[in-house]
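Participant: The structure follows.
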Amino acid sequence: MIIKDPRCLRIGVLGCGPIAQFAHFDACRKARNAELHAICDVADDLRERMAAVHQPKAAYRDYDAMLADPQVEAVVVAIADAFHVAAARKALDAGKHVLVEKPLGTTVESCRELRDRAAATGRVVQVGNNRRFDPGIAFARQFIQEEMGTRIALKAWYHDSVYRYTMTDNLQPIPIASQRSLRPEGDPKADRRRYYLLTHGSHLVDTARFLGGPIVGVRARLLERCDAYCWFIAVDFADGSLGHLDLQIPVRGDFQEGFQVTGEHGSASGKVHLPWFHKASDVECFSTRDRQFHRVLGEDAHTYKRQIEGFAATILEGAPQAGANLDDGLAAMQAMVAIARSAETGAHVRLADVNGGV
């Protein structure tokens, strides 16, 4: 049984495609302090089917009409990456708070422009890096910040399995598609190097930044072999610690995502599960203070629901922003562009020096 708070944030979801169907509709309906007030999609058939299933109070074909609805307080931007920045900007101009799917945008310049524009609005903008709401990862971050002392090194990896869709197809609802849906020009998946960095690399980079702090430079190598892409990335963190990121897509084996962090007074390691299992990461943190390992159960690990609840708490209660903000979204974009440039040239690349897209 879902018990709602007396005051719930009224959310409109832009886009009725897969990520809305798999994550955001359910998250808004289950969140204790939010409600799915409206949905919006240009595809009439898709929108009508989603409205029948999820029963929002309003359903719109036109985005401007949803933004004009005074009952809509916040918007979840759940459409193609190429449309993220423009849709978020429109919502801000209409006075709405925004949760925009990751990656924030497709170029450094567009992300920077959105960040600067949002600063004057006073609205909350959160980037949809849902891993930050995994109880295991959040537990590791708290340990790193409060008990580990000086960081020494961080290793993190993301290996997407060639069999992942066999797994996720069993976990997710059967997606409903429409030929009338709005799509970007061309096929975003055709350039797989770019697509993998933006979709999967954005998770890896944000987890590394969440646990290790700001990244200032990278040196990346890329191997394309056996219809797979393998990035090995040496990372310089702002605090002087060293990092190594490993992105491989696909691997012939199980999905693997995880991290290991070492420091002055302890270490933390974690195995991250596919988010669709709604299972907290298996994390162990060792402290020299008591010479014991510590772990958290994380019984509520619906990261998309927890993400909405954190977003709503910031808006309604003034709680500190727990999710990725616009500075985080911009920094992640800079990191991905720097990785792409370094892989192309073999040179060390500073994030502050990059522009353009992946």
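Participant: Only one of these conditions is not met by residue 162: (1) surrounded by 17 or more Cβ atoms within 10 Å (Cβ to Cβ); (2) hydrophobic (A, V, I, L, M, F, W, C); (3) more than 17 Å from the chain's Cα centre (by Cα). Which number is it?
Facilitator: Of the numbered conditions (1) surrounded by 17 or more Cβ atoms within 10 Å (Cβ to Cβ); (2) hydrophobic (A, V, I, L, M, F, W, C); (3) more than 17 Å from the chain's Cα centre (by Cα), the odd one out for residue 162 is (1).
Participant: Evaluate the following for residue 103: is it within 26 Å of residue 333 (Cβ to Cβ) and surrounded by fewer than 23 Cβ atoms within 10 Å (Cβ to Cβ)?
Facilitator: no
Participant: Kindly indicate the residue of the range 127-137 that is outside any loop (DSSP other than H, G, I, E, B) and in contact with a Lys or Arg (Cβ under 7 Å, 6 or more places away or on another chain) and also surrounded by the most Cβ atoms within 10 Å (Cβ to Cβ) among those meeting that condition. Spell out the reasoning first.
Facilitator: The first filter runs over the range 127-137 and keeps only residues outside any loop (DSSP other than H, G, I, E, B), leaving 127-128, 130-133, 135-137.
Next, from what is left, pick out any that are in contact with a Lys or Arg (Cβ under 7 Å, 6 or more places away or on another chain): 127-128, 133, 137.
Values: 127: 31, 128: 28, 133: 23, 137: 23.
Of everything passing the filter in the range 127-137, 127 is surrounded by the most Cβ atoms within 10 Å (Cβ to Cβ).
Participant: Taking residue 86, is it touching a residue at least 40 places away in the same chain (Cβ under 8 Å), hydrophobic (A, V, I, L, M, F, W, C) and within 23 Å of residue 307 (Cα to Cα)?
Facilitator: Working: touching a residue at least 40 places away in the same chain (Cβ under 8 Å): no; hydrophobic (A, V, I, L, M, F, W, C): yes; within 23 Å of residue 307 (Cα to Cα): yes.
It is false that residue 86 is touching a residue at least 40 places away in the same chain (Cβ under 8 Å), hydrophobic (A, V, I, L, M, F, W, C) and within 23 Å of residue 307 (Cα to Cα).
Participant: Need pairs with beta-carbon distance below 6 Å; first residue without any contact (Cβ under 8 Å) to a residue 60 or more places away in the chain and within the range 169-198, second among the hydrophobic types (A, V, I, L, M, F, W, C) and surrounded by 12 or more Cβ atoms within 10 Å (Cβ to Cβ); sequence gap 6+ or separate chains.
Facilitator: Qualifying pairs under 6 Å: 196/249.
Participant: Mind listing whichever residues of the range 269-298 are surrounded by fewer than 17 Cβ atoms within 10 Å (Cβ to Cβ), of a type in the set (A, V, I, L, M, F, W, C) and more than 19 Å from the chain's Cα centre (by Cα)?
Facilitator: 293, 297
Participant: Quick check on residue 86: is it within 24 Å of the chain's Cα centre (by Cα), surrounded by fewer than 16 Cβ atoms within 10 Å (Cβ to Cβ) and not assigned by TED's automatic domain parsing to the domain that holds residue 196? If you could, list the steps in order and put the result at the bottom.
Facilitator: Values: within 24 Å of the chain's Cα centre (by Cα): yes; surrounded by fewer than 16 Cβ atoms within 10 Å (Cβ to Cβ): yes; not assigned by TED's automatic domain parsing to the domain that holds residue 196: yes.
So residue 86 fits the description; yes.
Participant: Among the residues of the range 97-109, is any at pLDDT below 95 and either in a loop (DSSP other than H, G, I, E, B) or in the same structural domain as residue 203 (by TED's automatic domain parsing) (or both)? I'd like the intermediate steps shown before the answer.
Facilitator: So the first thing to find is which residues in the range 97-109 are at pLDDT below 95, and the list is none.
The answer is no; no qualifying residue exists.
Participant: Have a look at 123, 112, 131 and point out the one that is of a type outside the set (Phe, Trp, Tyr) and in contact with an Asp or Glu (Cβ under 9 Å, 6 or more places away or on another chain).
Facilitator: On the way: 123 fails: in contact with an Asp or Glu (Cβ under 9 Å, 6 or more places away or on another chain); 112 fails: in contact with an Asp or Glu (Cβ under 9 Å, 6 or more places away or on another chain).
Unique residue meeting the criteria: 131.
Participant: Follow-up question, since we're still on this one. Can you pull out the strands (runs of 3 or more DSSP E) entirely within the range 146-242 that have at least 2 residues that are farther than 18 Å from residue 334 by Cβ and touching a His at 6+ places or on another chain (Cβ under 7 Å)? Steps first, answer last, please.
Facilitator: Values: elements: 151-161, 215-225, 228-237.
Filter on the range 146-242 gives 151-161.
Participant: Further question: List the strands (runs of 3 or more DSSP E) that sit entirely inside the range 1-73 and contain at least 3 residues that are farther than 22 Å from residue 275 by Cα and either free of Cβ contacts under 8 Å to residues at least 12 places away in the same chain or under 25 Å from the mean Cα position of the chain (by Cα) (or both). So that I can check it myself, show each step before the final result.
Facilitator: Details: elements: 9-14, 34-40, 58-60.
Passing ranges, in order: 9-14, 34-40.
Participant: Let me ask something else about it. When only residues in the range 198-232 that are of a type in the set (Val, Ile, Thr) and under 26 Å from residue 80 (Cβ atoms) count, which is surrounded by the most Cβ atoms within 10 Å (Cβ to Cβ)?
Facilitator: Pass one, the range 198-232, residues of a type in the set (Val, Ile, Thr): 199, 205, 207, 215-216, 218.
If we keep only those that are under 26 Å from residue 80 (Cβ atoms) as well, we get 199, 205, 207.
Working: 199: 16, 205: 31, 207: 28.
If we take residues in the range 198-232 being of a type in the set (Val, Ile, Thr) and under 26 Å from residue 80 (Cβ atoms), then 205 is surrounded by the most Cβ atoms within 10 Å (Cβ to Cβ).
The values are calculated or read from the model by the stated rules, or taken from the named source; none is laboratory data. Just so it is clear, the structure is predicted and the values come from calculations on it, not from any experiment. Backbone-built Cβ (ideal geometry, glycine too); neighbour counts: all protein chains shown.
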